[in-house]
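Report on the structure given below.
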Amino acid sequence: MPNTAVIPDTPDFRPLFWDTDISTINLHNNRKQIIQRILNFGNEKTYQWLFQIYSHEDIIYAVKSDKNIDRRSAVMIANYFEISKEEIECLKNVSNPNYFPY
């Protein structure tokens with residue numbers, strides 16, 4: 001990750017980080033949350049930026065360990081990096097939506 005990198009304050013990124021001042025986000029300390037938001041809500045431009053800024057290992061770690069990555073994004077990244085879906089937290093223990101115990 002380049003030392004001078006910042007999240008661009010552009011219309012592509014602003015909606016992803018609506019709840020914070022983009023200029024105050026630390027790319028190293030907040031990488032898991034940044035990766036999660038871009039994977040869940042980003043577009044082609046934000047994905048390109050993500051892959052330029054973060055290593056494949058950072059992205060893989062975030063996807064494997066973050067329960068808040070949406071299933072579609074997790075499956076896409078698993079397929080792209082050839083990760084076993086069993087290794088991805090958000091794909092584990094999915095409750096059955098048709099099961100109602102009452």
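The values are calculated or read from the model by the stated rules, or taken from the named source; none is laboratory data. This is a predicted model, so every value here is computed, not measured. In this analysis, Cβ positions are derived from the backbone assuming ideal geometry, glycine residues included, and neighbour counts consider all displayed protein chains.
The table below gives the values:
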item: Residue ID - modelled with the highest pLDDT, chosen from residues in segment 4-14 that are over 14 Å from residue 33 (Cα atoms) and touching a Ser or Thr at 6+ places or on another chain (Cβ under 8 Å); result: 12
item: Residue tally, condition surrounded by fewer than 19 Cβ atoms within 10 Å (Cβ to Cβ) and either touching a helix residue (DSSP H, G or I) at 6+ places or on another chain (Cβ under 7 Å) or polar (S, T, N, Q) (or both), over segment 51-65; result: 5
item: Residue in segment 91-102 that is surrounded by 13 or more Cβ atoms within 10 Å (Cβ to Cβ), at pLDDT below 95 and either over 23 Å from residue 6 (Cβ atoms) or not small (Gly, Ala, Ser) (or both) present; result: yes
item: Subset of segment 72-90 (residues that are more than 12 Å from the chain's Cα centre (by Cα) and loosely packed, with under 12 Cβ neighbours inside 10 Å); result: 79, 82, 84, 86
item: Residues being at pLDDT 95 or above, crowded, with 16+ Cβ neighbours inside 10 Å and among the aromatic types (Phe, Trp, Tyr) - total across segment 15-50; result: 1
item: Some residue of segment 21-34 being of a type in the set (A, V, I, L, M), touching a residue at least 12 places away in the same chain (Cβ under 8 Å) and within 20 Å of residue 57 (Cβ to Cβ); result: yes
item: Unmet criterion (only one of (1) modelled with pLDDT of 95 or more; (2) surrounded by 13 or more Cβ atoms within 10 Å (Cβ to Cβ)) for residue 69; result: (1)
